[in-house]
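Take a look at the structure set out below.
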Amino acid sequence: MLKMLGAVLIIAAGTLAGWLKARQFANRPEQIRRLIQALKRLETEISYGFTPLPDALRRIGSQSGHPVKAVLLRAADGMDGSQSLSAQESVHQAIREEWKHTAMRPAERDVLHQLAYSLGTSDRRDQLKHIETAVRQLEAEESVAREEQSRYEKMFRSLGLLTSALIVILIY
């Protein structure tokens with residue numbers, strides 16, 4: 001009876017691990033899409049709204065889904081709060097603190113990192129060009145993420161179950 005319980009626990013743990021890894025592949029394109037939408041809203045705020053950057057990030061962040069919301073709100077708080085960081089420093093700090101909660105990869109982080117250098121330091125037209133470039137790069141990354149999702153999501157679900165079944169067979 002104890003052996004059977006152990007086998008069930010091993011299979012359950014392996015299956016769960018496979019499903020969690022597959023979920024990362026499913027979350028990545030969705031989160032990139034949210035980030036693209038947030039940057040497009042920022043582009044609109046800069047070009048038409050004349051909204052100060054911390055207020056724009058806060059407004060866009062409150063409308064975005066998690067984890068993009070956390071990054072944008074943290075960046076807005078860094079500029080407005082007691083820290084009074086520059087836009088670049090605030091975005092970099094937000095990325096450092098909140099990126100681990102995303103399913104996105106370093107390529108997407110690097111796009112935001114580069115965008116932060118131009119936010120708040122250049123004129124409106126230059127910032128819009130940088131945001132547009134970042135959006136294009138993120139759209140390319142989203143395409144890659146969707147390909148990876150279709151290729152690897154099912155594989156990791158099956159691999160978790162099959163690996164745990166193999167372990168159970170080898171143990172018993």
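The values are calculated or read from the model by the stated rules, or taken from the named source; none is laboratory data. What you see is a predicted model; the values in this text were computed from it and never measured. Glycine also receives a Cβ, built like all others from the backbone with ideal geometry; neighbour counts cover every protein chain displayed. Please note that ligands, DNA and RNA were not included when accessible areas were found on the heavy atoms of the full protein model with its side chains. Shrake-Rupley method; radii C 1.70, N 1.55, O 1.52, S 1.80 Å.
Just a few scattered comments:
- Among the candidates THR51, THR15, THR44, residue that is without any contact (Cβ under 8 Å) to a residue 40 or more places away in the chain, open to solvent by less than 60 Å² (accessible area, probe 1.4 Å) and among the hydroxyl-bearing types (Ser, Thr, Tyr): THR51
- Any hit, region 148-158, residues being closer than 14 Å to VAL68 by Cβ, assigned to a helix (DSSP H, G or I) and open to solvent by 40 Å² or more (accessible area, probe 1.4 Å): no
- Test set (1) over 16 Å from the mean Cα position of the chain (by Cα); (2) assigned to a helix (DSSP H, G or I) - ALA38 fails condition number: (1)
- Annotation note: of LEU128, LEU72, LEU85, LEU119, the sole residue that is open to solvent by 20 Å² or more (accessible area, probe 1.4 Å) and outside any helix (DSSP H, G or I) is LEU85.
- The lone exception for THR163 - which of (1) hydroxyl-bearing (Ser, Thr, Tyr); (2) closer than 30 Å to ALA12 by Cα; (3) open to solvent by less than 60 Å² (accessible area, probe 1.4 Å) it fails: (3)
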